[in-house]
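Reviewing the structure listed below.
The values are calculated or read from the model by the stated rules, or taken from the named source; none is laboratory data. Predicted model only: the values in this text are computed from it and were never measured. In this analysis, Cβ positions are derived from the backbone assuming ideal geometry, glycine residues included, and neighbour counts consider all displayed protein chains.
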């Protein structure tokens, strides 16, 4: 192959590489730039200041939360960019992580002490609707039958719990992250 053929081949490879970078960046920007939808069924809530934004899909909600936590590329569940602002959990309306959802984020991981790191009082429209939970950032989840962690407490749910079964399905009014 002559010099001209090698240059053409290099140009094609370089062009493909640039195209790959452009496509990757546009995908990241489109998911990170998810537009809030006030009628969306998948919301994010900052447990510190109670700021709430809703989206059409759980993926858009998580993308928004991840942008809010400084764009940690691995997501809060796999690592923390710095010791603040991490996704601490997601709750779902139906078993197996289906239906409406709320992704909650806080100021730090829960850690290993297993004492209360955060709590969240469910909004009225969510009381008695939680059927699946996901704890992230070293957080375990405990459900309570009354606001402010009042009343009876559920067993501790560790990690991903696709089915909140038995007496705790559709019963929670508040949630503890520890």
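Listed here are the residues, each with its yes/no results for (1) farther than 21 Å from residue 176 by Cβ; (2) at pLDDT below 85.
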site	(1), (2)
34	yes, yes
57	yes, no
62	yes, yes
76	no, yes
94	yes, no
Next item on the list: Among the residues of segment 112-123, write down those that are under 18 Å from residue 134 (Cβ atoms), at pLDDT 85 or above and surrounded by fewer than 18 Cβ atoms within 10 Å (Cβ to Cβ).
Entry: 119
Check: Got at least one residue in segment 95-107 being surrounded by fewer than 17 Cβ atoms within 10 Å (Cβ to Cβ) and farther than 17 Å from residue 161 by Cβ?
Finding: yes
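Yes/no matrix, rows are residues, columns are (1) in the same structural domain as residue 67 (by TED's automatic domain parsing); (2) out of contact with any helix residue (DSSP H, G or I) (no Cβ under 8 Å at 6 or more places or on another chain); (3) at pLDDT below 95:
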position	(1), (2), (3)
87	yes, no, yes
107	yes, yes, yes
131	yes, no, no
137	yes, yes, yes
